[in-house]
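*Asks:* The structure follows.
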Amino acid sequence: MKKNMKYNLIWLLIALAVYGVIYAAYVMGAVNLYTENTLITIGINIILALGLNLIIGFSGQFSLGHAGFMAIGAYSTAIVSVKNPTMGGFFSGLLLGIALSGLIALIVGIPTLRLKGDYLAIATLGVSEIIRIVIINMRDITNGPAGIFGIPPFVNWSMVFGFVVVTILIVVNYIHSGSGRATMAIREDEIAAESMGVNTTKYKVLAFVIGAMTASVAGGLYGSYIQTIAPKDFGFMKSIDILIIVVFGGIGSVTGTVIAAIALGFMNMYLQNFGELRMIIYALALIIIMIFKPGGLLGTWEFSVKRLLNKKGDDSNASIGS
């Protein structure tokens, strides 16, 4: 316990140093509105991808429903903050979205996560589409296909950065907890884990719920920053975009997820000047990486504070949280 607190403190100090660098860049005028938009988008994508990596990379369940839970967070935050345009209203909407996403993930996850592979992917995709269709048809509350406009802008880069740090700490501490070890045991061999007394359904659903809740947080931040949301923003391709980040960085690597979100975010920014060629170049870059690094940029490798301090740990495959 003391070790975990020590490592968490070190990571908070590292996060504070990164925050200081970004803040200095703002003060010196090195960050314009376009760069700020990129930084905030990267932060939101990190939160989304970390939650999905927890489901896919650490529990071994293939989900394509992340966009649906993002939509719940975005609409909950937007509806509440429009009616109560204060910081309290914003956080109330964010909490409402987290609660709804967690509840729906729990209800859906118990029967759905008994499926495997392609069947699970199709089922979670179906759940995401059901959420989107329900939002479209709740016209009195969500304004239907037209979406919601004029959402109060409470989100800035500092807030997104804070949520990124909190999300990383939650995911990493979960992975290194007893529940996290049980979750990874299910990923390695579900039958063996079950034979050892691990409640496989419980831990798969737990990872699914945590992933859904982080997606909801990202959705709330997205809606408040963009100030306009519509059901089309949370379609199938949004889930694929998040999945690309996870696969690009390395399935089962928190470090890889963060680096991939940053790399793809800046790649998108610099490719804007190429017009219609942008998506072709982007796709080619992804294909090249997948050919030469099929396990992603980092595979399952993690940056380790333990290695940084030149200390030997109990776990030879020490990860970002240790």
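The values are calculated or read from the model by the stated rules, or taken from the named source; none is laboratory data. As the structure is a computational prediction, the values presented were derived from the model and not from experiment. With ideal geometry, Cβ positions are generated from the backbone for all residues, glycine too; neighbour counts draw on all protein chains shown. To get the accessible areas, we keep the full protein, side chains included, count just its heavy atoms, and leave off ligands, DNA and RNA. Shrake-Rupley method; radii C 1.70, N 1.55, O 1.52, S 1.80 Å.
*Asks:* Which numbered condition in (1) open to solvent by 20 Å² or more (accessible area, probe 1.4 Å); (2) of a type outside the set (A, V, I, L, M); (3) in a helix (DSSP H, G or I); (4) modelled with pLDDT under 90 is the only one that GLY180 fails?
*Replies:* For GLY180, the failing item is (1).
*Asks:* Return the only residue of LEU64, LEU16, LEU95 being on the phi < 0 side of the Ramachandran plot and not in a helix (DSSP H, G or I).
*Replies:* Exactly one of LEU64, LEU16, LEU95 is on the phi < 0 side of the Ramachandran plot and not in a helix (DSSP H, G or I), namely LEU64.
*Asks:* So, in region 225-242, of the ones that are aliphatic (A, V, I, L, M) and at pLDDT below 90, which residue ends up nearest to the chain's Cα centre (by Cα)?
*Replies:* ILE240
*Asks:* Taking region 205-233, which residues are over 24 Å from VAL134 (Cα atoms) and open to solvent by 10 Å² or more (accessible area, probe 1.4 Å)?
*Replies:* LEU206
*Asks:* Give region 27-61 a look and list any residue that's part of a helix (DSSP H, G or I), under 16 Å from the mean Cα position of the chain (by Cα) and at pLDDT below 90, or say none.
*Replies:* Within region 27-61, GLY57, PHE58 qualify.
*Asks:* Still on this model: Please go through region 183-200 and give me each residue that is part of a helix (DSSP H, G or I) and open to solvent by 60 Å² or more (accessible area, probe 1.4 Å), ordered by number.
*Replies:* Once the filter is applied, which keeps residues that are part of a helix (DSSP H, G or I) and open to solvent by 60 Å² or more (accessible area, probe 1.4 Å), region 183-200 yields ARG187, GLU188, ILE191, GLU194, SER195.
*Asks:* Quick check on my filter: what residues within region 145-161 are surrounded by 13 or more Cβ atoms within 10 Å (Cβ to Cβ) and either modelled with pLDDT of 95 or more or of a type in the set (A, V, I, L, M, F, W, C) (or both)?
*Replies:* The answer is ILE148, ILE151, PHE154, VAL155, TRP157, MET159, VAL160, PHE161.
*Asks:* Determine whether THR142 is within 30 Å of VAL27 (Cα to Cα) and either surrounded by 17 or more Cβ atoms within 10 Å (Cβ to Cβ) or free of Cβ contacts under 8 Å to residues at least 12 places away in the same chain (or both).
*Replies:* The answer is no for THR142.
*Asks:* Next question. Does region 58-73 contain at least one residue that is of a type in the set (Gly, Ala, Ser), without any contact (Cβ under 8 Å) to a residue 60 or more places away in the chain and open to solvent by 10 Å² or more (accessible area, probe 1.4 Å)?
*Replies:* no
*Asks:* So, one more: Can you tell me which residue among TYR225, TYR203, TYR174 is in contact with a Pro (Cβ under 7 Å, 6 or more places away or on another chain) and part of a helix (DSSP H, G or I)?
*Replies:* Going through TYR225, TYR203, TYR174 in turn, just one is in contact with a Pro (Cβ under 7 Å, 6 or more places away or on another chain) and part of a helix (DSSP H, G or I): TYR225.
*Asks:* Could you list, in sequence order, all residues of region 234-258 that are touching a Ser or Thr at 6+ places or on another chain (Cβ under 9 Å), surrounded by fewer than 24 Cβ atoms within 10 Å (Cβ to Cβ), part of a helix (DSSP H, G or I) and of a type in the set (Val, Ile, Thr)?
*Replies:* THR255
*Asks:* Okay, next question. Which residues, taken from region 78-115, are crowded, with 21+ Cβ neighbours inside 10 Å and under 18 Å from HIS66 (Cα atoms)?
*Replies:* LEU94, GLY97, ILE98, SER101, ALA105, VAL108, GLY109, THR112, LEU113, listed by residue number.
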